[in-house]
1. Of the conditions (1) under 22 Å from T375 (Cα atoms); (2) at pLDDT 90 or above, L122 satisfies every one except a single condition; which number is it?
2. Condition first: at pLDDT 95 or above, part of a loop (DSSP other than H, G, I, E, B) and within 30 Å of K42 (Cα to Cα). Now tell me which residues in region 244-280 satisfy that.
3. Filter region 226-258 down to residues that are surrounded by 15 or more Cβ atoms within 10 Å (Cβ to Cβ) and more than 27 Å from R184 (Cα to Cα), then give me how many there are.
4. I'm trying to understand the selection: among the residues of region 167-184, which are crowded, with 20+ Cβ neighbours inside 10 Å and over 30 Å from S209 (Cα atoms)?
5. If you check V133, V117, V146, which single one turns out to be free of Cβ contacts under 8 Å to residues at least 40 places away in the same chain and touching a helix residue (DSSP H, G or I) at 6+ places or on another chain (Cβ under 6 Å)?
6. Do we have T110 as under 29 Å from L210 (Cβ atoms), of a type in the set (S, T, N, Q) and either modelled with pLDDT under 95 or in contact with a Ser or Thr (Cβ under 8 Å, 6 or more places away or on another chain) (or both) here?
7. State which residue is farthest from I66 (Cα to Cα) when the search covers only region 219-239 and only residues that are in contact (Cβ under 8 Å) with a residue 60 or more places away in the chain and part of a loop (DSSP other than H, G, I, E, B).
Amino acid sequence: MSIADGSQHRLSYVFESTYGTTPSTPSYSRFRHTGTDLGLEKTELKSNELSSDRQYNYVRHGNKSIGNGVDFELAYGAQDDWFEATLGGTWTTQVTSGTVTAASASGTFTRSAGSFVSDGFLVGEIVTSSGYVDADNNGRFVITAVATTILTVTAIEGQTMTVEAGGGDELFVVEATVENGTTRRFATFERYFADQGTYVFMTGLNASSLSLSIAPDATVTGSMSFIGKDIEPATVSPKASSTYAAATTTEPYDSFTGSIRDNGALIAVIQSIDFSCDNSMDRRFVVFDDTSLLPGIRKFELTGTVSAYFDNITLYNKFISETASDLQFELTDPAGNSYWFYMPNVKYMSGNPNVSDDGSVTLSMAFSGVKDTVTSQTLIMQRNPV
């Protein structure tokens with residue numbers, strides 16, 4: 001008898017073209033994880049027939065509920081497929097311009113040759129400029145208008161642009177980006193218990209929610225919840241013609257290297273950041289079938305909490321006055337790969353200076369994000385490899 005150990009558990013997935021149908025030649029990707037309870041649950045159907053012995057005479061299984069959660073440590077490139085699937089977006093390719101460009105105090109960059117339009121710059125995108133002598137002309141900006149030789153922008157990292165001719169080495173980059181959207185993706189998951197040689201296959205898994213947690217002296221952790229269609233009996237054989245890509249090897253992110261900004265201003269006394277994206281999916285059952293149709297999907301909901309030491313009244317007053325703000329934070333791994341998360345339109349929904357003893361006073365600010373009128377998004381992510 002071999003008792004399965006979590007140390008020999010592998011979790012893999014392949015996206016489906018048809019909901020609930022595994023591709024005929026599946027090419028699996030590894031899901032790097034720290035734990036999972038993905039599996040099957042069923043309702044219980046007991047007969048209500050009455051009898052003189054005061055006992056139930058029949059019990060049956062009801063509808064199948066496939067899903068539950070996966071926990072992970074955030075690592076560059078390891079969860080990119082699932083950021084896409086949860087947000088309902090698609091990673092864009094990097095857009096770059098290296099033409100000599102002048103900056104102005106009125107929020108424009110003007111190039112002497114080439115075309116911002118032809119290069120693929122779009123309104124609402126986040127562009128990063130570099131190479132200027134004046135630091136305020138460098139950093140991230142939201143593009144508000146695009147013409148052939150003029151890019152109109154709004155600073156989002158607290159910069160105040162100044163007039164500068166440019167020296168010829170300026171670079172404008174829109175990093176690979178994913179935004180919340182409406183694209184649906186579903187996958188077959190394979191759970192493999194290597195010490196037993198056992199395979200479990202689940203089909204039609206949809207990403208219902210994703211959350212991340214950043215805390216002091218810790219790796220950045222996350223969790224996802226899934227809703228699926230069906231499960232196959234456990235077997236000792238993989239699916240025919242299966243291939244498996246190697247897992248990524250990037251190190252997990254920690255809480256030591258990164259930054260967070262509110263309305264472009266750095267916040268230096270953050271204790272923790274937690275946020276979640278929720279699609280609020282619903283299983284849909286019909287008669288003559290015990291599996292769910294493609295789950296219903298509700299509005300994209302972004303919520304979270306920022307906890308900080310109470311060192312000034314800025315965040316607190318935003319809650320009191322119902323002032324809209326934006327939040328952005330960046331994480332960098334030991335190799336220099338980074339993720340940048342931008343929530344362009346948030347409101348703080350709660351938060352008070354909490355005093356529990358004679359120690360430091362903390363402020364825990366819950367926030368909710370909604371659609372932004374400039375970017376037309378609720379959440380924007382960018383990835384920046386070394």
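The values are calculated or read from the model by the stated rules, or taken from the named source; none is laboratory data. Note that this is a predicted model, so its numbers are computed, not measured. Cβ coordinates were reconstructed from backbone atoms using ideal geometry, including for glycine residues, and neighbour counts include every protein chain displayed.
1. Going through (1) under 22 Å from T375 (Cα atoms); (2) at pLDDT 90 or above one by one, L122 breaks only (2).
2. N279
3. 6
4. Correct list: E170, F172.
5. V146
6. no
7. Only one residue fits best here, namely V220.
Listed here are the residues, each with its yes/no results for (1) surrounded by 18 or more Cβ atoms within 10 Å (Cβ to Cβ); (2) in contact (Cβ under 8 Å) with a residue 12 or more places away in the chain; (3) not assigned by TED's automatic domain parsing to the domain that holds T378.
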| site | (1), (2), (3) |
| --- | --- |
| S27 | no, yes, no |
| T43 | no, yes, yes |
| S52 | no, no, yes |
| D71 | no, yes, no |
| E84 | yes, yes, no |
